[in-house]
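A short write-up of the structure that comes next.
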Amino acid sequence: MQTRYRPFSLWRIRAITANTLTELTRLKVFYVLLVFALVLIGSSIFMAQFSFQQEFQILKDISLGAISLFTSLLAIVATARLLPQDIEDRTLYTILAKPVPRFEYVLGRITGVLLLLAISTLVMAAAFVLVLYLREQAVVHTTLRQMSGAPPDQMADALRVVRSSAFNINIFPGITVIYLKACLLAALTLFVSTFATSNIFTIVVMAFIYFIGHLQATAREYWLQEHSGGVITRVFLAIVTLLFPDLQAFNLVDDIVAGTAISLAVFAKTAVLGLFYTTIYTLLATFVFYGKEL
Amino acid sequence: MTSSPRRSGAEAGPAVAVRGLTKVFPVPFHRQSIVAVKDLSLRIEPGEVYGLLGPNGSGKSTTLKIILGLVSPTRGRTEIFGRDSRLVESREAVGFLPENPYFYKYLTGNETLRFFGHLSGLRGVALKNRINELLDLVGLSRARNRRLGTYSKGMLQRIGLAQALIHDPRLVVLDEPTAGVDPAGSRDIRDLILDLKRRGITVLLSSHLLAQAQEICDRVGILADGVLVREGHLQELIAIENQTELIITDASDELIREIESAVSRSKAKLIERRKSTTTLERLFLEATKNDKRMTKSE
Ligand SMILES: Nc1ncnc2c1ncn2[C@@H]1O[C@H](COP(=O)(O)OP(=O)(O)OP(=O)(O)O)[C@@H](O)[C@H]1O
Ligand SMILES: [Mg+2]
């Protein structure tokens, strides 16, 4: 049974990833999704009183806002306890006593969380699109009934207005960006948890970073107006940007709701930014974890 | 697997080598620090059962963790089969049972072993068979589909043992393998260790239960405050060279008088004469043995 040792094994990482998913599933974190469903249902009942343009706008606004909030919350809460718990319970001893390099452990853990977030985002997005579609169909039917005597081209125009105010092509890149923001937050949480003293500490720090992160772009502009862009200022700003990622950049919900097109350039830039941050934080977490005394 | 012949002694060099090992734990916000292990050197030969003995806090667990690369030494080196403990690949040939092992509560016994099997690079039918074999060996077959959160302490210890043996390692490191286990359970664990030894597997264990260590260890080292104060073959350490014990059943008073008079006629001296008593352990085992132990796991 002695096989040659492999310094890197996707098989081992897969085992840790699968275990992370099992853990989070059995801890019932998916219940967050039920809360999302309630928000969705609740808001559709509340909106019956508006015109359909308003209704679709509010539905998108609330749903995308909720997807963004819930994935962020899930990313932070699910990740914060993974590593400290393993150290505290000494389950890490049994894992690392097997031929598992520490980076594989970190990689397996973060991949598990990212998968969980992907599943959650997909489920929420599907529920949202479904509700939007059903509402659109309902409005289409009412319109058809109301305009039953009107000439066909007028009717076609009316239907086009309904359809375009319900769906626009921005929804999917918008949700992708929301997912990437959650990935970034998960990786950052993992990094913070490598040196945090408790889960509460990690969550409080992350909440802090979350708010600062949404404000930092504005603050940076203000700062640059006041100060000249010298070397020290730039270094300082770089550090701030690393510790407090510009989360506002991932907020494309307003554009989607307003129906303004998200250019491919903006989408690509944001996506790359998200992946870059996620990678950097995972590397930092691995680095700290290597130096850690268990 | 178990059927393949072991190459015990085929590889030159010791199973475990510890040289000049010192571990200092800094105490945060204080000037002093704790010296857990002080200039320790050990050499454990392949196929040996070595017992690291010592009171609480003497540095047993710390030493074992350093050997497994879980804790980094302040000074000195440790090796497993010639490979530095700091290298991940040195862990390929080792199975480790930490003290008071704690596993994922949400996994069942079966899933736990599968997880650790995957980490050890096993998969498929080979892994499945190995899991069945081990669950049988530690007597948890009937509890295999229950979550570990519902296991008793002794059951956790046994799943921990199974986990340590999953990849059929050449060296098994056990930190207080019988802590919290009842007498019958610890006898089972003792038998299991003796069986490992028979198969040529090296065992390094820590304990402060001396009677038990005496039953299974070939060699022991005694730690006190991180210093190795005694080391050697058990028989040599505890034998009293010039004394002999006789245990006789159904001896008549006459026979005993004869033996005593023979002793007094010779140059030898009778030091003590007493009725044999059973040990509390034997009594306990006798009284509770109506259940076949290893299968009574839930
Ligand atoms: N992570 C740590 N930080 C600080 N001190 C530690 C740490 N781990 C162990 N120690 C100290 O090192 C010493 C040896 O501890 P160790 O756990 O190795 O003892 P032990 O022989 O296993 O004891 P026991 O029989 O109670 O298990 C103790 O004084 C302990 O307080
Ligand atoms: Mg100990």
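For the reader, a short list of remarks on this structure follows.
- Selection of the range B:128-155 for residues being within 13 Å of chain A (Cβ to nearest Cβ) and surrounded by fewer than 22 Cβ atoms within 10 Å (Cβ to Cβ) yields B:Asn129, B:Glu133, B:Arg147, B:Leu148, B:Gly149.
- Flag if B:Ser61 is within 12 Å of ligand 1 (Cβ to nearest atom) and closer than 18 Å to B:Leu174 by Cβ: yes
- You will find that of A:Arg163, A:Arg135, A:Arg145, A:Arg90, the residue that is more than 30 Å from A:Gly291 (Cβ to Cβ), touching a Phe, Trp or Tyr at 6+ places or on another chain (Cβ under 8 Å) and open to solvent by 50 Å² or more (accessible area, probe 1.4 Å) is A:Arg135 and no other.
- Flag if B:Ser72 is open to solvent by 10 Å² or more (accessible area, probe 1.4 Å), within 13 Å of ligand 1 (Cβ to nearest atom), over 28 Å from B:Leu234 (Cα atoms) and within 13 Å of another protein chain (Cβ to nearest Cβ): yes
- Filter result (open to solvent by 10 Å² or more (accessible area, probe 1.4 Å), touching a residue at least 12 places away in the same chain (Cβ under 8 Å) and not in a strand (DSSP E or B)) within the range B:108-125: B:Asn110, B:Arg114, B:Ser120, B:Gly121, B:Leu122
- Counting only helices (runs of 4 or more DSSP H) wholly contained in the range A:1-94, the ones carrying 2 or more residues that are at pLDDT 85 or above occupy A:10-26, A:52-80, A:82-88.
- Of all residues in the range B:108-127 being polar (S, T, N, Q) and more than 23 Å from the chain's Cα centre (by Cα), the one that is nearest to the other protein chains (Cβ to nearest Cβ): B:Thr108
- In the range B:167-181, the residues that are within 9 Å of another protein chain (Cβ to nearest Cβ) form Cβ pairs under 9 Å with partners that are small (Gly, Ala, Ser) and within 12 Å of ligand 1 (Cβ to nearest atom), at six or more places apart or across chains, as follows: B:Val173/B:Ser206.
- Among the residues making up the range A:250-266, those that are open to solvent by 30 Å² or more (accessible area, probe 1.4 Å) and either under 13 Å from A:Tyr179 (Cα atoms) or assigned to a loop (DSSP other than H, G, I, E, B) (or both) are A:Asn251, A:Gly259, A:Thr260, A:Ala261, A:Ser263.
- Residue within the range B:92-107 that is more than 23 Å from A:Glu23 (Cα to Cα), at the interface with chain A (Cβ under 7 Å from one of its Cβ atoms) and of a type in the set (D, E, K, R) present: yes
- Residue in the range A:38-45 that is within 21 Å of the chain's Cα centre (by Cα), surrounded by 13 or more Cβ atoms within 10 Å (Cβ to Cβ), in contact (Cβ under 8 Å) with a residue 24 or more places away in the chain and within 24 Å of A:Thr71 (Cα to Cα) present: yes
- When every residue of the range B:51-65 is checked against the conditions, at least one turns out to be within 11 Å of chain A (Cβ to nearest Cβ) and open to solvent by less than 10 Å² (accessible area, probe 1.4 Å).
- Verdict on B:Gly47 being at positive phi, open to solvent by 10 Å² or more (accessible area, probe 1.4 Å) and more than 16 Å from ligand 2 (Cβ to nearest atom): yes
- The one condition from (1) farther than 29 Å from A:Gln49 by Cα; (2) loosely packed, with under 14 Cβ neighbours inside 10 Å that A:Ala118 does not meet is (2).
- The set of residues in the range B:174-199 being open to solvent by less than 20 Å² (accessible area, probe 1.4 Å) and either small (Gly, Ala, Ser) or within 13 Å of ligand 1 (Cβ to nearest atom) (or both) consists of B:Leu174, B:Asp175, B:Pro177, B:Thr178, B:Ala184, B:Gly185, B:Ser186.
- Answer from B:Thr78, B:Thr74, B:Thr63 - the residue that is under 10 Å from B:Val18 (Cβ atoms) and away from ligand 2 (no atom under 16 Å from the Cβ): B:Thr78
- In this entry, B:Leu156 is excluded by the filter for residues that are aliphatic (A, V, I, L, M) and outside any helix (DSSP H, G or I).
The values are calculated or read from the model by the stated rules, or taken from the named source; none is laboratory data. The model shown is predicted, which means the values in this text are computed figures rather than measured ones. Don't worry about glycine lacking a Cβ; one is built from the backbone with ideal geometry, like all the others, and counts go over all protein chains shown. To get the accessible areas, we keep the full protein, side chains included, count just its heavy atoms, and leave off ligands, DNA and RNA. Shrake-Rupley method; radii C 1.70, N 1.55, O 1.52, S 1.80 Å.
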